[in-house]
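Colleague: Have a look at this one before I ask anything.
The values are calculated or read from the model by the stated rules, or taken from the named source; none is laboratory data. This structure is a prediction, so every number in the text was calculated from the model and none was measured. Counting neighbours? That spans all protein chains shown, and the Cβs are built from the backbone with ideal geometry, glycine included.
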Amino acid sequence: DVKVTQSSRYLVKRTGEKVFLECVQDMDHENMFWYRQDPGLGLRLIYFSYDVKMKEKGDIPEGYSVSREKKERFSLILESASTNQTSMYLCASSFLLTGGQYEQYFGPGTRLTVT
Amino acid sequence: QQPVQSPQAVILREGEDAVINCSSSKALYSVHWYRQKHGEAPVFLMILLKGGEQKGHEKISASFNEKKQQSSLYLTASQLSYSGTYFCGTDRGNQFYFGTGTSLTVIP
């Protein structure tokens, strides 16, 4: 079974803090994704990576950065957390296939609250 | 950029049918469908890769109209286990976009 794990299910941070969200997958997937999920807005892509040290901005990268030093691990970094970054964060991974033929496997999510 | 889904929410009685629509203002090259149960991670249902393609998964099926830039998900004889939020998604070059989501609640 594919397993995508995220470091925390719930996280509470203060405004201005640096926040690290970690994601690990065990299926040797090339692609890894970070999304945030907000009511009425669905899932919005923050960043994705198709290889170690490679990253691409998604729809809403502002205020976030990412790091992928190892194939199995993809980190999302909030440099200076703000209250509008309070959200559910979902990590996903998939094989790198052409023509959109990739099924994404999701982690359980991290609910981040910034106070 | 994000596909738009309709309806936003629907409540069904067990055994009833439902249709969820997904439309895009830009070309759709593939359509993915996922379901997320409350408090859980989204789970893949199916991918449609070509216009005119139809697929089925138990009593859940989908169609893809490439020309109209639309896809529809059909749930027949709904069961309590179908409750959740359904998302369509599409890839566009290096980007992947999920739709706005449709909350489906099946009641006894």
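Colleague: For residues that are loosely packed, with under 14 Cβ neighbours inside 10 Å and outside any loop (DSSP other than H, G, I, E, B), tally how many sit in the stretch A:40-62.
Modeller: 2
Colleague: Further, regarding this structure: Quick test of your reading of the structure: B:S63 fulfils all but one of (1) of a type outside the set (A, V, I, L, M); (2) part of a loop (DSSP other than H, G, I, E, B); (3) over 24 Å from A:D59 (Cβ atoms). Name the failing condition by number.
Modeller: (2)
Colleague: May I ask you to list the residues in the stretch B:1-21 that are at pLDDT 95 or above and among the hydrophobic types (A, V, I, L, M, F, W, C)?
Modeller: Scanning the stretch B:1-21 gives B:A9, B:V10, B:I11, B:L12, B:A18, B:V19, B:I20.
Colleague: With the requirement that a residue be part of a strand (DSSP E or B), over 14 Å from the mean Cα position of the chain (by Cα) and crowded, with 16+ Cβ neighbours inside 10 Å, what does the stretch A:5-39 give you?
Modeller: Across the stretch A:5-39, the qualifying residues are A:L11, A:K13.
Colleague: Determine if the stretch B:76-85 includes at least one residue that is of a type outside the set (V, I, T), touching a Ser or Thr at 6+ places or on another chain (Cβ under 7 Å) and more than 10 Å from chain A (Cβ to nearest Cβ).
Modeller: Yes, the stretch B:76-85 has at least one match.
Yes/no matrix, rows are residues, columns are (1) in contact with a Phe, Trp or Tyr (Cβ under 8 Å, 6 or more places away or on another chain); (2) buried (at least 18 other Cβ atoms within 10 Å of the Cβ); (3) among the basic types (K, R):
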position	(1), (2), (3)
B:S6	no, no, no
B:V10	no, yes, no
B:S25	no, no, no
B:H32	yes, yes, no
B:L73	yes, yes, no
B:S83	no, no, no
B:F87	yes, yes, no
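Colleague: Which members of the stretch A:64-78 meet the condition of being assigned to a strand (DSSP E or B) and either modelled with pLDDT under 95 or of a type outside the set (S, T, Y) (or both)? Talk me through it step by step, then tell me what you get.
Modeller: At the first step, the residues of the stretch A:64-78 found to be assigned to a strand (DSSP E or B) are A:64-70, A:73-78.
Across the stretch A:64-78, the qualifying residues are A:V66, A:R68, A:E69, A:K70, A:R73, A:F74, A:L76, A:I77, A:L78.
Colleague: Could you list all residues from the stretch A:35-60 that are acidic (D, E) and within 9 Å of chain B (Cβ to nearest Cβ)?
Modeller: Correct list: A:E56, A:D59.
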